[in-house]
1. Pull up the range 268-284, narrow it to residues that are outside any strand (DSSP E or B) and closer than 20 Å to ILE240 by Cβ, then point me to the one that is least open to solvent (accessible area, probe 1.4 Å).
2. Taking only pairs six or more apart or across chains, which ones have beta-carbon atoms under 8 Å, a first residue in the range 75-104 that is without any contact (Cβ under 8 Å) to a residue 40 or more places away in the chain, and a second residue that is part of a loop (DSSP other than H, G, I, E, B) and open to solvent by 30 Å² or more (accessible area, probe 1.4 Å)?
3. Which residues, counting only those in the range 234-264, are open to solvent by 50 Å² or more (accessible area, probe 1.4 Å) and of a type outside the set (Lys, Arg)?
4. Just one of GLY213, GLY143 is surrounded by fewer than 18 Cβ atoms within 10 Å (Cβ to Cβ), without any contact (Cβ under 8 Å) to a residue 40 or more places away in the chain and within 30 Å of TYR115 (Cα to Cα); which is it?
5. Within the range 171-224, how many residues turn out to be under 25 Å from ASN106 (Cα atoms) and β-branched (Val, Ile, Thr)?
6. Return only the number of the condition from (1) part of a helix (DSSP H, G or I); (2) under 24 Å from the mean Cα position of the chain (by Cα); (3) surrounded by fewer than 18 Cβ atoms within 10 Å (Cβ to Cβ) that GLY186 does not satisfy.
7. Taking SER227, is it over 30 Å from LYS39 (Cα atoms), touching a Lys or Arg at 6+ places or on another chain (Cβ under 9 Å), small (Gly, Ala, Ser) and at pLDDT below 95?
8. Search the range 385-420 for residues being open to solvent by less than 70 Å² (accessible area, probe 1.4 Å) and basic (Lys, Arg), and hand back the single one that is nearest to THR32 (Cα to Cα).
Amino acid sequence: MLSLKEGYSRKRQMSSAVLEKKDENLKDAWFTRCEPLAKPKGKTALIIGAGVAGLATAGELAKNGFKVVIAEANGEVATNGSGNHCGALMPLVTKPGVNLGRMHLNAFLQAVRFYKATLPKSLIKFNGCIDYAFDDELIKRYGSWQTQSVEDIFKFDDSLKPYPGIFIKDGAYARPREICKFLSGGFEILFNHEYESMAHLQNGKISVKFKNGKNLETDILVFCTGSKSSEIFNGYDMQISSVRGQVTHLKPVLKNAMPLSAKGYICPAVKGVQVIGATYARNEIYDTPKVEDNTKNLSDVSEFFDITKATIIGSRVGYRSYSGDRFPIIGALHDEEFYKQNYKGLFWSKNKDNNPKASYEKNVFVNFAHGSRGLGTAILGANSIVDLVLDRPLCIERSLFHELHPARFLIRKLKKGLKL
């Protein structure tokens, strides 16, 4: 049913549609949506993790009437990948039509809207940013956008120095740690509450146990657990890894008004500190900053200034989670054993459209594996989860949402007949 209602921004009216009969086509049945929460008004939500993903998810749920509590394993917000002094908001640019790039562009646009509407200007500056094509492969990739109608988002310029590059119009430099502090205002946050286990209760609630011995009951549970996700979900086939990243803090050395990204990146100076970075060490745990990592960070931005004149005034180590296919992992948490039993014949079946609907851990969701661009994709995750909980239209097209599904790695193995 189609109708008109009051528009947004400068629009007087906009079209609004309601789907009166749901599509019962069970193609890709393993990706069917979970059941929405019945009568969500006034229900409780527990978020595990107080980084950008957790706080954004908490905010979106609170706006829709949920009583939100956040549990954080450490003694303050933003202690891991979300805790940097300064970072860049920019999409990953792939060749046109590549799903990974399409997803990142969608996430970037959602994040721009969210931050512009939510944050004070002191925490994020939308001055644009430049992503340089420092090798022939990138020149070819970025140059392929010259024939696309995206100039209001980004534009390739082969006259830029020291390399050709893409200017991203609404790219920004942001202060992730301060953003997390701002977003946490007004929420009940349980610090030093490290997740241990969960159990579904007969009353429909979820009981969550923490390693400090405390328990909490909630209507919905959302894991925004970053690099800890690989440990928490080690019994699931999700291909999550933890990546150590080190950024270097310099005394201001370059007067750039926007982030510049090539082999490494350099943000504009904020409060006497200029951030460059970042290293990438998969599955390495070492909390102390390394001299050699600072050296590498400097080398990676040597095209932009004389690094012999740089003065290092600090470093920071953080850990991020990545997935095996570089997409974030966002959505309802699937029932792993149901999938293994009910879809085990996918490798042999000639009719892959005749399968039961997916089964999920009731009212349990995940929003992690955001890698180095979590300022953008974390917002997509928050919006997507609320869409599922409230049974709203998805904020991203269905084919891309399937690319984010927590069970996608398991399904790929089942289709290929690989050992689980």
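1. This residue is THR279.
2. GLY101/LYS95
3. To start, the set of residues in the range 234-264 that are open to solvent by 50 Å² or more (accessible area, probe 1.4 Å) comprises 234-236, 239, 251-252, 255, 257, 263.
Correct list: ASN234, GLY235, TYR236, GLN239, PRO252, ALA257.
4. On the way: GLY213 fails: within 30 Å of TYR115 (Cα to Cα).
Exactly one residue qualifies, and that residue is GLY143.
5. Residues that pass the stated criteria total 2.
6. Looking at each condition in turn, GLY186 falls short on (1).
7. Working: over 30 Å from LYS39 (Cα atoms): yes; touching a Lys or Arg at 6+ places or on another chain (Cβ under 9 Å): yes; small (Gly, Ala, Ser): yes; at pLDDT below 95: yes.
Here the answer is yes, as SER227 does meet what is asked.
8. Once the filter is applied, the top-ranked residue is ARG408.
The values are calculated or read from the model by the stated rules, or taken from the named source; none is laboratory data. Model, not experiment: these values are computed from the prediction. Glycine gets a Cβ as well: all are built from the backbone with ideal geometry, and neighbour counts include every protein chain shown. All accessible areas refer to the heavy atoms of the entire protein, side chains included, with ligands and DNA or RNA removed. Shrake-Rupley method; radii C 1.70, N 1.55, O 1.52, S 1.80 Å.
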